[in-house]
Amino acid sequence: MRDAQSFDDFYRGTARRMVRYGYAVAGDHNEAQDLVQEAYTRAWRQWGRLSEHPAPEAWLRLVVARLATDRWRRLRTLRGALRTAGPPQPVAPPNEDSVLLVQALRQVPATHRQALALHYLFDMPVDEIAREVGVPVGTVKSWLSRGRSRLAALLPDLADVELEASDVA
């Protein structure tokens, strides 16, 4: 059984040292905080057994070091993949219609926006959207209708313009 008070005491007594240790291992303060947070999360999950460990702080340091090693390996693999693939192609700025559409979508209720995105960007039929979102089919139809009406009101000059899904992303 986990004892929250003893874990809190352990955390308070070791957190500053762990962040300093994480910084020494990772060389980056933000990375150190992430590593230490993950290590404490793992410690909490095993606190029932770890609290009986003769040196729980040493266990925590080992976890931080292993997490840092794992991240360095992933970065090295990613760098190799990036070298092989080359730099990404430059992305053109969005066109004016896309910017206007995104601004209008921000003014549409989230449920309507979600239904519109699933229907038009993922080509999902209404019944499939209803299953995924967990609402009746009629509700999805209503959201789509109201969302389209709201967008038409917000974008009267773009009523005849067909936007590609990549323009919105």
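Any idea what the alpha-carbon Rg over 2.2 N^0.38 Å comes to for segment 1-49?
Working: Rg = 11.4 Å, N = 49, 2.2 N^0.38 = 9.7 Å.
Relative to the rule-of-thumb radius for its length, segment 1-49 sits at 1.18.
Taking segment 40-115, how much of its Cα-Cα pair set, in percent, is spaced more than 21 angstrom apart? Let's see the in-between values first.
Details: 1862 of 2850 pairs.
That fraction is 65 percent.
Evaluate 2.2 N^0.38 Å with N set to the residue count of the chain, then give the Cα radius of gyration divided by it.
The reported ratio for this selection is 1.64.
I'd like the orientation of helix 137-154 relative to the chain: the angle between its Cα long axis and the longest Cα principal axis, in ° from 0 to 90, rounded to 10.
Roughly 70 degrees, rounded to the nearest 10.
Give me the compactness ratio for segment 89-158, meaning the Cα radius of gyration over 2.2 N^0.38 Å.
With N residues counted in segment 89-158, Rg over 2.2 N^0.38 Å equals 1.23.
No solvent, one uniform scatterer per C-alpha: report log10 I(q)/I(0) for segment 67-109 via the Debye equation at q = 0.13, 0.14, 0.19, 0.28 1/Å, two decimals.
-0.61, -0.64, -0.67, -0.97
Taking the Cα centre of segment 1-117 as the origin and placing charges on Cβ (Lys, Arg +1; Asp, Glu -1), which of Tyr40, Ala55, Phe7 is farthest toward the positive end of the dipole?
About the Cα centre, the residue reaching furthest to the positive side is Ala55.
Between His53 and Ala24, what is the label-to-label distance in nm when each label sits 7 Å out along the Cα-to-Cβ direction?
1.8
Could you calculate the FRET efficiency of Trp44 with Asp157 from 1/(1 + (r/R0)^6), where r is the beta carbon distance between them and R0 is 45 Å, rounded to 0.05? If you can, show how the numbers build up before the last one.
Values: r = 55 Å, r/R0 = 1.23.
Here the calculated transfer efficiency is 0.25.
All of the numbers you see were taken from the coordinates with simple rules; none came from a lab. Worth saying up front: this structure is predicted, and the values here are computed from it rather than measured. Positions of Cβ are generated from backbone atoms using ideal geometry, with glycine treated the same way; all protein chains shown enter the neighbour counts.
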